[in-house]
1. Just give me the residues in the stretch 129-184 being touching a residue at least 60 places away in the same chain (Cβ under 8 Å) and closer than 20 Å to Tyr34 by Cα, in sequence order.
2. If I ask for residues that are under 22 Å from Ser154 (Cα atoms) and not small (Gly, Ala, Ser), which ones from the stretch 10-50 would you list?
3. What are the pairs with Cβ atoms under 6 angstrom where one residue, in the stretch 35-63, is not assigned by TED's automatic domain parsing to the domain that holds Leu15 and buried (at least 18 other Cβ atoms within 10 Å of the Cβ) and the other, located anywhere, is at pLDDT 95 or above and among the β-branched types (Val, Ile, Thr)? Sequence gap at least six, or different chains.
4. If you take just the helices (runs of 4 or more DSSP H) that sit entirely in the stretch 1-68, which of them hold at least 2 residues that are closer than 24 Å to Leu88 by Cβ?
Amino acid sequence: MAEKRTPEDNRIIQLYLDRSEEAVRETQRLYGAYLHAIASGVLRDCQDAEECVNDTYLRAWDSIPKTEPDNLKAYLAKTVRNLAISRLRSNLAKKRGGEAVVTSFEELSECIPDSRLKEEADRGQLKDLLEHFLRKLSREKRMIFLKRYWYNCSVTDIAAQLGKDEKYVSNKLYQLKKKLQKALREGRR
């Protein structure tokens with residue numbers, strides 16, 4: 001169920017197509033805080049997050065004339081998240097031998113295979129299975145899952161947002177990982 005473009009998104013995309021610098025300003029006005037929240041959730045560093053957001057605007061500038069996204073907000077979110085994850089990996093690589101950092105992305109590694117080893121068709125199947133899995137969840141469970149594994153929020157932050165204790169959120173995450181693992185096993189048969 002992909003969202004349709006809003007009239008505002010259509011206007012911004014047209015600005016990119018026209019190669020107007022206003023496109024970046026309008027993207028920043030409309031989605032800047034949202035993109036910064038995503039990057040900050042992954043990186044936990046304001047300066048790195050800001051650089052990823054700026055790189056996202058550059059990527060949009062370079063790519064939108066070639067490919068018009070169906071959903072501008074989702075396109076920008078995916079771009080900033082991927083840039084932030086790359087930055088996080090780079091930052092961690094620079095700290096070799098330092099304290100081990102377990103991220104929410106590593107928590108899911110037992111459920112989801114390394115996408116670099118898979119064919120494009122397998123990635124498409126995985127995407128479909130994940131979307132189906134998420135659609136079947138209650139609103140609360142979907143929010144917990146996405147906040148942890150998409151936005152990289154801490155269990156403490158999620159618990160505070162829900163007005164629940166951390167143990168409740170941790171238990172839900174554990175249950176969701178097990179359900180996802182089962183759904184992926186069944187979906188691949």
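1. Across the stretch 129-184, the qualifying residues are Trp150, Tyr151, Asn152, Cys153.
2. Residues satisfying the conditions are Tyr34, Leu35, His36, Ile38, Val42, Leu43, Arg44, Asp45, Cys46, Gln47, Asp48, Glu50.
3. Taking only residues 6 or more apart or on different chains, not a single pair turns up.
4. On the way: elements: 7-17, 22-43, 46-63.
Ranges flagged: 22-43, 46-63.
Conditions tested, residue by residue: (1) among the hydroxyl-bearing types (Ser, Thr, Tyr); (2) within 14 Å of the chain's Cα centre (by Cα); (3) modelled with pLDDT of 95 or more.
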position: Pro7; (1), (2), (3): no, no, no
position: Tyr31; (1), (2), (3): yes, no, yes
position: Ile38; (1), (2), (3): no, yes, no
position: Trp61; (1), (2), (3): no, no, no
position: Pro65; (1), (2), (3): no, no, no
position: Asp70; (1), (2), (3): no, no, no
position: Tyr75; (1), (2), (3): yes, yes, no
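The values are calculated or read from the model by the stated rules, or taken from the named source; none is laboratory data. Nothing here was measured: the structure is a model prediction, and the numbers come from that model. Virtual Cβ from ideal backbone geometry, glycine too; neighbours counted across all protein chains shown.
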